[in-house]
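Peer 1: Below are the structure tokens for one structure; questions will follow.
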């Protein structure tokens, strides 16, 4: 087993302790980031020898392990790993690179001598505070299509996302950043095959891991003394349904990765996997009552993460995905409109 | 798979005739014989193919995309070779499989009764819903041993396999909402003699502990070391998923040829709503198919692990896979009624139309006892996790009451 997977398992177990989120080295803390960086997690998808060279199936398993401890930490780490691999592959970038990434074209780009001038603000970029680079996309002034670009850390500012945002999440603002031609790529389609597949799969892996943790908490509530929930047929059914949905989220995603499903088809399966994970958590939200306040709060934290994640641009809207699948089968050109959640 | 795909046009063409007859025609039966479809789970030593579960399900899906009634009859006549090869001893297998020509409906619900007679049993009764009966060579069923005293409780449960010469098929199928052509007729036996080796005492198909079954030892293939509950549900779900794929074909043809009912009036396939509905159905069909592939892969893996290192394929494993497989059926039915039937228009609901038939057929699958047990399966899965199952094999005549105190 490779180092990133072992590291994810170890960190996931450490973050799973109820109080861990508030401790040094807890949820999205600099210490957690440091461990992930030193363990090579951010280069998990980068081909060896520069990176761990995990295939998507193993990467998904590692992300899910981390998410069982803390979904937000896992999403930040997965985002950086995905952004880093994409930046290296697309722009042949090398060195100590960690790229935060955004799918939606929230900036505008203008041609300039030797490159492009890019301005705009990207909200809620996971892992932004630990990133050395930013991989984004922008609308091209006066032209169809979008520009994908890689900006270095000195070319963007971080914007505070306010109360409630995770410690590593930040807005990224570019003000007339000059992007050299070698670090930019124009495309007619706002979402290419890779963007339609890998970021959604990574987010779905976080959901699957979070769902597995939700089942554990749900089970603790059902077992809690002095109640007799475990002998109650409704509680048994709710827990069983949650277990089934968590397993569906995990296995659907794993099978899709194992079968090398690509493009928007993988994005679609990732969306269905996320739906199962969300259904799983909802089964647990109805149980416990006020006597189980602490465990319920853990479930609510998972649910809150998922609510935000369901509209994350990385996952792409379900309707947009469905339409692309139809257009692919009908042999129509793919939708040139950006996927905006 | 290629043979199954090639059959689709003719299966569509024969679907109406199949419904009227209440089972598929002789020509289709001969096509299935020639393609080896009845031998998919028959062991190699008897001339079979020993297909992996995932491959079996893919063939079933492909046939179901042509006609669900036909696929239902084929699937439920050919699947039970797996259980004969797993659970019964060598003598029973050699006798029943012979040269591999084995087609066998099976019903898990017990009926009738059995009395000991000579070196075996005499079994009498009527078993309903024996899908695949018209071309069957055998029947696999469940019954109880007769009460020890008149009026007393029934004795142990028995699982038996019996050749066609010992039973008659009743002409009582075809008046249901759907699956009218599935050949799910009743089978009747009057004092049928069944040798002891063809009867398993205390065995119920729904809950099979295969750790001591002879299949793996006899055939050396972990295919014959697996439990049954998840396989049954996978079959029902693969059938519905295949039918959804057939509906997708028809829906595509419909939206390519019809126009929208409101402005802008354009070909439906160019309209964003129709694209979304069609795409959602494609997505759900793909998810259902992927889930079934995952279930089959995991089921095979459990068998392999038992064969290699003795890790037991547990009841909890079987329940989890059963629950997962059912999600595929849920996706297929949801898509059929929400994405396809709701938006296809009234003309697609006319009697004899392909979408109308698929809707009726999958509705029957949705209401099948395998799906009715969804909530029970969730509950049992939770009870396994909570440690509330005492370990006794589940019996239909004895509800689980062994809870931890």
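FYI, it's all coordinate maths here, none of it is from the lab. Because the structure is predicted, anything quoted here is derived from the model rather than measured. Cβ placement follows ideal geometry from the backbone for every residue including glycine, while neighbour counts extend to all protein chains displayed.
Peer 1: Treating the angle as unsigned and between 0 and 90°, give the value, to the nearest 10°, between the Cα long axis of helix B:68-78 and the longest Cα principal axis of chain B.
Peer 2: 20 degrees
Peer 1: At a Förster radius of 25 Å, what calculated FRET efficiency corresponds to the Cβ-Cβ distance of residue B:94 and residue B:193, to the nearest 0.05?
Peer 2: Result of the calculation: an efficiency of 0.85.
Peer 1: Which values of log₁₀ I(q)/I(0), to two decimal places, follow from the Debye formula for segment B:1-82 at q = 0.21, 0.23 Å⁻¹ with a uniform point scatterer at every Cα?
Peer 2: One equal scatterer on each Cα of segment B:1-82 leads to -0.91, -1.08.
Peer 1: Moving on. Could you tell me the center-to-center distance, by alpha carbons, between segment B:333-391 and segment B:33-52 in angstrom?
Peer 2: When both Cα centres are located, 29 Å separates them.
Peer 1: Right, here's the next one. Which translational diffusion coefficient, to the nearest whole µm²/s, is obtained for the protein assembly as shown from the Stokes-Einstein equation, given a Kirkwood hydrodynamic radius over C-alpha pairs, 10 °C and 1.306 mPa s?
Peer 2: 57 µm²/s
Peer 1: Under the definition of Cα pairs under 8 Å and six or more residues apart, what whole-number percent is the relative contact order of chain A?
Peer 2: 16 percent
Peer 1: Using only the Cα atoms, work out Rg/Rh for segment A:3-91, with Rh taken as the Kirkwood radius, to two decimals.
Peer 2: With Rg and the Kirkwood Rh in hand, the quotient comes to 0.97.
Peer 1: Rounded if a/c is under 1.5, else prolate if a/b is larger than b/c, else oblate: which is segment B:94-245, with a ≥ b ≥ c the root eigenvalues of its Cα gyration tensor?
Peer 2: Here segment B:94-245 falls in the oblate category.
Peer 1: What would the Debye formula give as log10 I(q)/I(0) at q = 0.25 Å⁻¹ for the alpha-carbon point model of segment B:313-378, no solvent?
Peer 2: Each listed q maps to, in turn, -1.03.
Peer 1: In whole angstrom, note down how far apart the Cα centers of segment B:126-189 and segment A:182-223 are.
Peer 2: Rounded to whole Å, the Cα centres lie 49 Å apart.
Peer 1: How much length is gained if the chain between residue A:332 and residue A:185 is pulled fully straight, taking 0.36 nm per residue apart and subtracting their Cα-Cα distance, in nm to one decimal?
Peer 2: Using 0.36 nm per residue and subtracting the Cα-Cα distance, I get 50.5 nm.
Peer 1: If you don't mind, another one. As I understand it, the value is the acute angle between the Cα axis of helix A:293-310 and the longest principal axis of the Cα atoms of chain A; what does it come to in degrees, rounded to 10?
Peer 2: Here the helix axis deviates by roughly 30 degrees.
Peer 1: Could I ask something else about it? Using Cα pairs under 8 angstrom and six or more residues apart, how large is the relative contact order of segment B:209-344, in percent?
Peer 2: 39 percent
Peer 1: Calculate how large, on average over all directions, the projected area of the Cα convex hull of chain A is; give the answer in nm² to one decimal.
Peer 2: In nm², the orientation-averaged hull projection of chain A is 17.8.
Peer 1: Related question: Determine, for each peptide in B:320-327, A:112-119, A:38-45, B:158-165, the mean count of other beta carbons within 10 angstrom over its residues, then list the peptides with the highest first.
Peer 2: Taking the mean over residues of other Cβ atoms within 10 Å, the ranking is B:320-327, A:38-45, B:158-165, A:112-119.
Peer 1: If you don't mind, another one. Could you give the angle, 0 to 90 degrees to the nearest 10, between helix B:26-35's Cα long axis and the longest principal axis of the Cα atoms of chain B?
Peer 2: Tilt relative to chain B: about 80 degrees.
Peer 1: Measuring from centroid to centroid over Cα atoms, what is the spacing of segment B:1-30 and segment A:259-338 in Å?
Peer 2: 39 Å
Peer 1: Moving on. Can you tell me how segment B:223-385 classifies by the Cα gyration tensor, rounded, prolate or oblate, using a/c under 1.5 as the rounded cut?
Peer 2: It is prolate, given that a/c is not under 1.5 and a/b is the larger ratio.
Peer 1: For A:84, B:330, what's the fewest-to-most ordering of other Cβ within 10 Å of each Cβ?
Peer 2: B:330, A:84
Peer 1: What is the percent of Cα-Cα separations in chain B that go past 27 Å?
Peer 2: Cα-Cα pairs in chain B separated by more than 27 Å: 51 percent.
Peer 1: While we're here: Counting only C-alpha contacts under 8 Å and six or more residues apart, can you give the relative contact order of chain B as a whole percent?
Peer 2: 16 percent
Peer 1: Calculate for the protein assembly as shown the 222 nm mean residue ellipticity that helices alone would give, adding -39,500 (n - 2.57) per DSSP H run of length 4 or more and normalising by residue count, nearest 500 deg cm²/dmol.
Peer 2: -15500 deg cm²/dmol
Peer 1: Still on this structure, please answer the following. Suppose each label sits 7 Å from its Cα in the direction of the beta carbon; what would the residue B:253-residue B:10 distance come out to in nanometres?
Peer 2: Distance between the two pseudo-spin positions: 1.8 nm.
Peer 1: Between Rg and the Kirkwood Rh of segment A:33-158, both from Cα atoms, what is the Rg to Rh ratio?
Peer 2: Result: Rg/Rh = 1.00.
Peer 1: Let me ask you something else. Among the DSSP beta bridges whose two residues both lie in the protein assembly as shown, what percent are antiparallel, rounded to the nearest 5?
Peer 2: Of those bridges, close to 85 percent are antiparallel.
Peer 1: What's the FRET efficiency of residue A:260 with residue B:308 using the Cβ-Cβ distance as r and R₀ = 25 Å, to the nearest 0.05?
Peer 2: Result of the calculation: an efficiency of 0.45.
Peer 1: Mind checking A:268-278 for the average number of partner chain beta-carbons within 10 Å of each residue's beta-carbon?
Peer 2: 3
Peer 1: Which of B:149, B:245 has the fewest other C-beta atoms within 10 Å, and how do the rest follow up to the most?
Peer 2: Lowest to highest Cβ neighbour count: B:149, B:245.
Peer 1: What is the spin-label model distance, in nm, from residue A:290 to residue A:141 if the labels are put 7 Å beyond Cα along the C-beta direction?
Peer 2: My value for the distance between the label points is 6.0 nm.
Peer 1: Here's a follow-up. Could you order peptides A:285-293, B:215-223 by the average number of other Cβ atoms within 10 Å of their residues, highest first?
Peer 2: B:215-223, A:285-293
Peer 1: Any idea how far apart residue A:304 and residue B:116 come out in nm if each label point goes 7 Å out from Cα toward Cβ?
Peer 2: Between residue A:304 and residue B:116, the label points sit 6.9 nm apart.
Peer 1: Considering every residue in B:323-332, what mean count of other chain Cβ atoms within 10 Å of its Cβ is obtained?
Peer 2: For this peptide, the per-residue mean of nearby foreign Cβ atoms is 3.
Peer 1: Quick one: length gained pulling residue B:33 to residue B:351 fully straight, 0.36 nm per residue minus the C-alpha distance?
Peer 2: Length gained, residue B:33 through residue B:351: 111.4 nm.
Peer 1: I'd like the mean, over residues of B:288-299, of how many other protein chain beta carbons sit within 10 Å of each residue's own Cβ.
Peer 2: Counting other chains' Cβ atoms within 10 Å and averaging over B:288-299 gives 5.
Peer 1: Could you work out the equivalent-ellipsoid semi-axes for segment A:99-187, taking the square root of 5 times each eigenvalue of the Cα gyration tensor, largest first, in whole Å?
Peer 2: For segment A:99-187, the ellipsoid semi-axes come out as 23, 12, 10 Å.
Peer 1: Which residue, A:296, A:323, A:124, tops the fluctuation ranking in a GNM of chain A built on C-alpha contacts under 10 Å?
Peer 2: Looking only at A:296, A:323, A:124, the biggest GNM fluctuation is shown by A:323.
Peer 1: Hey, any idea what the orientation-averaged projected area of the convex hull of segment B:169-296's Cα atoms comes to, in nm²?
Peer 2: Spelled out: convex hull of the Cα atoms, projected over all directions, averaged, 12.9 nm².
Peer 1: With no solvent and one equal point scatterer per Cα, compute the Debye intensity ratio I(q)/I(0) for segment A:198-329 at 0.09, 0.12, 0.20 Å⁻¹ and report its log10, rounded to two decimals.
Peer 2: With one equal scatterer per Cα and no solvent, log10 I(q)/I(0) is -0.29, -0.48, -1.03.
Peer 1: Compute the Cα gyration tensor for segment A:254-317, then decide on rounded, prolate or oblate, letting a ≥ b ≥ c be the square roots of its eigenvalues: rounded whenever a/c is under 1.5, prolate when a/b is larger than b/c in the other cases, and oblate in all that remain.
Peer 2: Cα axes put segment A:254-317 in the prolate bin.
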